[in-house]
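Q: Below: one structure in structure tokens.
Laboratory data are not the source of any read-out in this text; all were calculated from the coordinates shown. For clarity, every value in this text was computed on a predicted model and none was experimentally measured. Ideal geometry is used to build each Cβ from the backbone, glycine not excepted, and the neighbour counts take in all protein chains shown.
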Amino acid sequence: MTEFRSSAGSAMKRASILALLLGGAALIAGGGVAQAQGSGRVASSAQTRQLDIPAQPLSTALTIFGDQTGIQVTGDTSILDGRQSQAIRGAFSPAEGLSRMLAGTGITYRWVDGRSVALQRAPQVSSGDIQLGPVRVEGEEGAASSSSYPGGNLRGASRDEMARRLNPQTTLGSKVAVSQRELPQSVTVITQDQIQQQNMITLNDVMLNTPGVTVFPFDSDRTNFYSRGFQITTWLLDGVPTNQNLATIAPNLAMFDRVEVLRGPDGLMNGFGSPGGTINLVRKQAPDRFTINATASAGTYNNVLGEVDVGGPLNRAGTIRGLLVANAQTRDLAQDGAWRHDKLFYGTLEADITPTTLLRLGASYNQTDQKAMWTGVPVYTNYTIVPIARSTYLGAPWNHDRYKTITGFAEVKQDLDGGWSSKLSFNYLQNYSHVKIGQIFTTVDPATDQTTLDASNGFEKDQQESVDVFVTGPVHLFGRTHHLTVGASYSREDLNVINRYCSDDNPFCTVQASIFDVVNLAEPAFNGPVWNQDQAIN
């Protein structure tokens, strides 16, 4: 494989990024209702450039093209042998300039991302010697994220553009990006555009809008997802397998670019895929041009939300890029005195170590605190619902749930000769929960309103480490080109569960009382037996 690369764009000082980040944070703190977007452009692949490349051997012309546009061109050198480029002179976007330069050469290209393209042979018609001109198969140029999943309507779009939007590529079910029609299973991609337009906040919102998926509340905090009659327990983070457990609540979407959902078994690429399906959460990546997005909103139930997303190149050559995301939300719940507070921080760095080597690092911290009714509306012994107002809170005054999720990741992607590439990924995930509740435990006597109240105090800590490595590329056999992928993955999970009880004879501090007495339930000391269990899963 031959690589063509040159530095792209002008410098963007880090101080400017920091200043805009602080400004976005101030917007969040203000609690107003506003949306702002800005872009201090560095080097966009959609921006026109002055090109001057004489007709010459194609391999040499592509080197000059990379120097003048900052676009990385990859491909098998054998397809360039003996081919001459067309001369181009004038102001063109990189896409238009490359198309003109490749006209009549029998070579076409596809966009890998906003900074690079891959060359390939153009298809030929089955009859005669007429060869098609360059076919452009490309993602949205220069997009910071969701590069393969642009939004907007299709009016005026070309045939290739319409096909790309209606049949976007995904890595779910395959280690390489393929269109959904190439996968033998049902896949739905919830794009960043859809997330923004439908104001989705957590994964629950995404799954409610995913065909063929049932969202089932497990309790007031946690949710289970079902597909084809089976629970979905397999999650991927950027394609690396992880595991869902009871310490998990639906994650905030602020750090994710899109969500890919596969329905049905997927153990081939994911090792321990569940029969219900797989959810792939794709993190946002550092953009190759400076962008800042800030959002603040307010609504009923004192619902205040703020988010800032800022990133771009950190050096003059654009070979080091960063992204920071901060999100905070506070709101009251439907019941009097109930509330929820969320906060999330996410950061990632990308570095082009060499023209063919990409390094990505990142980490996130997410915390949710909540006072809520752990169970739903109580029912009488005949299973009719107790007639209470929607705003009635039937829980202990000291109810408090806390969930924390910490992640870290690193990945190295290496382009190899002959169209081959390799990728090594590491994911670290830590889920922590502390649930302390007093609740209505049994059905209610319709004559006396008497029921059983109980209390519990539990902790869960789940740590997971996952490693995934694969090599993929074309293999030419029997006159055809095949695609071979070889890889391996390893995952380890350590789960620790602790429950603190009241006493040996009454571990859950149960008492008989009216359902309306639960709001005055005293907090127990929880100084009885302690149940501690550790479990390791490889």
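Q: Can you list the lysines whose alpha carbon sits under 24 Å from that of K175, skipping same-chain ones fewer than 8 residues off?
A: Straight-line reach from K175, under 24 Å: K284, K413, K423.
Q: Another question about this same structure. Arranged by the count of other C-beta atoms within 10 angstrom, fewest first, what order do I64, I232 take?
A: Working: I64 18, I232 24.
Sorted ascending by nearby Cβ count, the order is I64, I232.
Q: To the nearest 0.05, how large is the calculated FRET efficiency for A536 and H483 if R₀ is 45 Å and r is the Cβ-Cβ distance?
A: Details: r = 36 Å, r/R0 = 0.81.
The value I calculate is 0.80.
Q: If a paramagnetic tag sat 7 Å from the Cα of A389 along the Cα-Cβ line, which residues of the stretch 324-338 would have the backbone N under 13 Å from that point?
A: 335-337
Q: Can I ask one more? At L361 and D445, where each label point lies 7 Å from the Cα along Cα→Cβ, what is the point-to-point distance in nanometres?
A: 6.5 nm
Q: How high is the FRET efficiency between N382 and Y428 when r is their beta carbon distance and R₀ equals 60 Å, given to the nearest 0.05?
A: Working: r = 50 Å, r/R0 = 0.84.
Efficiency at R0 = 60 Å is approximately 0.75.
Q: Turning to a different aspect of this structure: If the chain between Y226 and L183 were fully stretched, how many nm would it gain, using 0.36 nm times the residue separation less the Cα-Cα distance?
A: So the extension gain works out to 13.4 nm.
Q: Report the rotationally averaged projected area of the stretch 167-283 based on its alpha-carbon convex hull, in square nanometres. Could the numbers behind the result be given before it?
A: Working: hull surface 26.9 nm².
Projected area, direction-averaged: 6.7 nm².
Q: Just to confirm a number: summing +1 for Lys and Arg and -1 for Asp and Glu over residues other than K284 whose beta-carbon lies under 10 angstrom from that of K284, what do you get?
A: Value of the local net charge: 0.
Q: Separate question: Please report, for the Cα atoms of the stretch 307-447, the Rg to one decimal and the Dmax as a whole number; what are they, in angstrom?
A: When restricted to Cα atoms, the stretch 307-447 yields Rg and Dmax of 24.1, 80 Å.
Q: Can you give the local net charge around Q370? Use residues other than it whose beta-carbon is closer than 14 angstrom to its beta-carbon, Lys and Arg +1, Asp and Glu -1.
A: Working: positive: R222, R331, R340, K343, K371, R402, K404, K436; negative: D219, D221, D332, D342, D369, D401.
Net of charged neighbours comes to +2.
Q: Which Rg and Dmax, in Å, describe the Cα atoms of the stretch 255-345?
A: Expressed in Å, the Cα Rg and Dmax of the stretch 255-345 come to 18.7, 55.
Q: Using the Cβ atoms and a cut-off under 15 Å, what net charge is assigned to the surroundings of L305, where Lys and Arg are +1 and Asp and Glu are -1?
A: Values: positive: R331, R340, K343; negative: D205, E307, D309, D332, D342.
So the environment of L305 carries a net charge of -2.
Q: Once the Cα gyration tensor of the stretch 333-538 is diagonalised, what are the square roots of 5 times its eigenvalues, in whole Å and ordered largest first, as equivalent ellipsoid semi-axes? Walk me through the intermediate numbers first.
A: Values: eigenvalues 537, 71, 62 Å².
They are 52, 19, 18 Å, listed from largest to smallest.
Q: Only counting other Cβ atoms within 10 Å, I'd like W531, W420 sorted with the fewest neighbours first. Walk me through the numbers on the way to the answer.
A: On the way: W531 11, W420 16.
Neighbour counts put them in this order, fewest first: W531, W420.
Q: Further, regarding this structure: Under 22 Å Cα-Cα from K371, which lysines qualify once same-chain neighbours fewer than 8 residues away are excluded?
A: Within reach: K343, K404, K436, K461.
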